[in-house]
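The values are calculated or read from the model by the stated rules, or taken from the named source; none is laboratory data. Just so it is clear, the model here is predicted, and its values are computed rather than measured. In this analysis, Cβ positions are derived from the backbone assuming ideal geometry, glycine residues included, and neighbour counts consider all displayed protein chains. Ligands, DNA and RNA are excluded from the accessible area calculation, which covers all protein heavy atoms including side chains. Shrake-Rupley method; radii C 1.70, N 1.55, O 1.52, S 1.80 Å.
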Amino acid sequence: MRIIFGDTLVRLGGRNNDIVVLTADVAKPTNTNKFAETYPDRFLNVGISEQDMVGIAAGLALSGKVPVVAVFASFLMRAWEQIRNTVARADLNVKMVGTHAGLTSADDGSSHQALEDVAVMRVIPRMTVVVPGDRQEIAEATEAIVEHRGPAYLRLGRDEEPKLFEGENVFKLGRAVTVRDGYDVAVFSNGAVTSEVLAAASRSKVSTKVVHVPTVKPLDRDAIVAAARATGVVVCAEEHSVIGGLGGAIAEVLSTEYPVYIRRIGTEDVFGESGSHSDLLRKHGLTADHIGAVLEEVQRRRAHCS
Amino acid sequence: MSRAVERTELLQLNEVLMLKDKIRSIRRSILDTVNLGGGHLGSSLSCLEIIATLYFLKMRHNPYRPDWEDRDRFILSKGHAAPALYAVLAELKYFPKEELATLRKFNSRLQGHPDLRTPGIDAPSGSLGQGLSIGIGMALAARMRGKRYRVYVLMGDGECDEGQVWESVMMAAHLELKNLVLIIDRNGWQLDGRTEEIKKKVPLMGRLRSFGWEAYTINGHSVEKILEALDYADHSDLPTAIIAHTTKGKGISFLEDTNQGHKVRLDADQYLAALKELDKV
């Protein structure tokens, strides 16, 4: 995911002289080193100081620049107060990219994993929050948040992603996309998890509508209500805590606009630990097998209800 | 060359005298504003000369074009001194003086702490320790664009407790941002008490120099000394820090060098006593 992000930044940098990229001693892991090599005078490595980095980005934005900061998602949260108080309150045009999000820092352990970032970024007024699902979508989402005027958070996960979309123009800010149709259960997901959901749906006897929701904020309320209306039961799946992320956002919308049964899959209010990414996904139920089992459970529940 | 150095000494003397006069009336206006709306009186009074000298004698700016791209920038990192900044901006006609009476009131453009909705405010603040980082971003943008504007950041001494301050002090030195000036309002107090009792700052100048900054210590209530230090900073090859020794609550004897005026509304007797003193000065 990060390779395409780094390449996209270089491409956008060639078009817009005002883009400045900042990182905090993680140029290589965030793949911003390509931008650094191509546009050294528009790149700033602030060293290991995330709070200062966000403040500097705010100053650049106040001077008409378009700063893009990229660090590990878990460490960007160290500057949450700076993001809230300086960037968002003043509606500054700062783009924040959190890499290695979810459980993808696998063997580094829970210090490096980010399972709360969507929740704490989403709660900030004016913030746009995007969690793309494949390489093409990352490229387009990166471009979209840079062109969007205002603060935005882009959440990136692991390096190799399964392909979710064919062709171009797959991403539009604020739009959810139905990637598979079905009538029994609607699943909302984002990030790489959508690919697992699709795998589960294609193997399942349950007719599953899969709605990919890359923009967590602003949420595509119409698409979510329509899908809930069509199926009557809903599952949310994300590589994030079940508290406050995509599942939380969807529960907020549906509880007032179309109350239905909602089952959330994600980490259950716990921290991660060291292990391989696939071990961790399995433990937290984010594999196609577990999602498939949940679909059947939810389908049984639906049968009871109706 | 800076404007101040080009000026003849006589002209400058005249300007300084006029500013001192103006500061007297602004001090009175701060008292009235805080008396009506509330806010941090003591720390507004300690940094008034610094803000007024910057805006009246040093910075290139235009009240009729607050967003003029080539203006010098000012960041009030110690955002709680907003009443002082608002009073100076009103004196310069960034907004009508009558608006000062709306400070901290519902629907006012004058928020409790600096906010971009106020004409003339260059950066938001209120949460301490962030202004210098913002200043680095602005100074860097000037360098990238080949602009000559300078960036002034006013910080409190208590504020130096924040870790982010030292991240940015380190960064500005690393980037050799000579268009960046940090002024520390060294009034010796923070919310809970004497700065040296809460968390030791001494030797503040030594610390800044050891981080790679040019640093001076001055009397922060002397317009001449402030101007002189700011003029020196124009010619530095390093970022410059000016440690301005000040008195919290300056001008109101029963508040001076006490923490009573940190955030207080004076009662009627105190207000009258303060008025009497300010008129005398």
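With springs only between Cα atoms under 10 Å, which of B:E98, B:E15, B:E49 fluctuates most in a Gaussian network model of chain B? Comparing B:E98, B:E15, B:E49 in the GNM, the peak value goes to B:E98. Buried accessible surface for the B/A chain pair comes to about 1900 Å², total over both chains, computed with a 1.4 Å probe.
Taking a cut-off of 24 Å, what percent of all Cα-Cα pairs in the range B:115-244 are separated by more than that? Don't skip to the end; give the middle numbers.
Values: 2230 of 8385 pairs.
Roughly 27 percent, once rounded to a whole number.
Sites listed here are trypsin sites (Lys or Arg not before Pro) in the range A:11-71 whose DSSP assignment is loop and whose Cβ has at most 10 other Cβ atoms within 10 Å, and the list is empty. Computed from the C-alpha gyration tensor, the three semi-axes of the ellipsoid equivalent to chain A are 33, 19, 17 Å, from longest to shortest. Within straight-line reach of B:K20, meaning a Cα separation under 20 Å, sit the following lysines at least 8 residues removed in sequence or on another chain: B:K58, B:K93, B:K97, B:K225, B:K248, B:K250, B:K276, B:K280. With a 10 Å cut-off around each Cβ of A:88-96, the average count of Cβ atoms from other chains is 3. The relative contact order of the range A:2-155 comes to 22 percent, based on Cα pairs under 8 Å that sit 6 or more residues apart.
Only protein heavy atoms count here; on that basis, with a 1.4 Å probe, A:D220 has an accessible area of about 30 Å². Orientation-averaged projection of the range A:2-155 equals 7.8 nm² [convex hull of Cα atoms, one quarter of hull surface area].
The separation of the range A:186-207 from the range B:12-45, counted between C-alpha centres, amounts to 66 Å. Compute the distance from the alpha-carbon center of the range A:230-286 to that of the range B:70-125, in whole Å. Centre-to-centre (Cα) distance: 45 Å. Over the range A:177-305, all Cα pairs binned in 10 Å intervals from 0 give whole-percent P(r) values of 14, 49, 32, 5, 0, listed from short to long.
Using the Cβ atoms and a cut-off under 13 Å, what net charge is assigned to the surroundings of A:G266, where Lys and Arg are +1 and Asp and Glu are -1?
On the way: positive: A:R263, A:R264, A:K283; negative: A:E116, A:D117, A:E196, A:E238, A:E239, A:E268, A:D269.
Residues near A:G266 contribute -4 overall.
Kirkwood Rh over alpha-carbon pairs of the range B:39-164, then Stokes-Einstein at 37 °C and 0.692 mPa s: what D in µm² s⁻¹, rounded to an integer?
Numbers: Rh = 14.8 Å.
The calculation lands on 222 µm²/s.
Between B:Y64 and A:E37, the simple spin-label model (points 7 angstrom out along Cα→Cβ) gives 5.3 nm. Restricting attention to chain A, the count of lysine pairs at 8 or more positions apart or across chains with alpha carbons under 19 Å apart stands at 8.
Efficiency by 1/(1 + (r/R0)^6): what FRET value for A:R300 and B:S236, r their Cβ-Cβ distance, R0 = 56 Å, to the nearest 0.05? Mind showing how you got there, number by number?
Details: r = 74 Å, r/R0 = 1.33.
About 0.15, to the nearest 0.05.
Could you please put B:M170, A:M127, A:M77, B:M144 in sequence from largest to smallest accessible area, using a 1.4 Å probe? Walk me through the intermediate numbers first.
On the way: B:M170 125, A:M127 5, A:M77 40, B:M144 65 Å².
The residues order as B:M170, B:M144, A:M77, A:M127, largest area first.
Considering all different alpha carbon pairs of the range A:1-73, the Kirkwood hydrodynamic radius works out to 11.9 Å. If you wrap the tightest convex hull around every Cα atom of the range B:3-280 and split its volume per residue, you get 118 Å³.
Near the amide H of B:I75, within less than 5 Å, lie the amide hydrogens of B:Y152, B:V153, B:L154, all on another chain or at least 5 residues away, with H placed in the peptide plane. For the residues A:V46, A:V235, A:V270, a GNM of chain A with alpha-carbon springs under 10 Å puts the largest fluctuation on A:V270.
Accessible area ranking (1.4 Å probe, heavy atoms, ligands and nucleic acids excluded), largest first, for B:M205, B:M59: B:M205, B:M59. From largest to smallest, the equivalent ellipsoid semi-axes obtained for the protein assembly as shown from the alpha-carbon gyration tensor read 52, 25, 20 Å.
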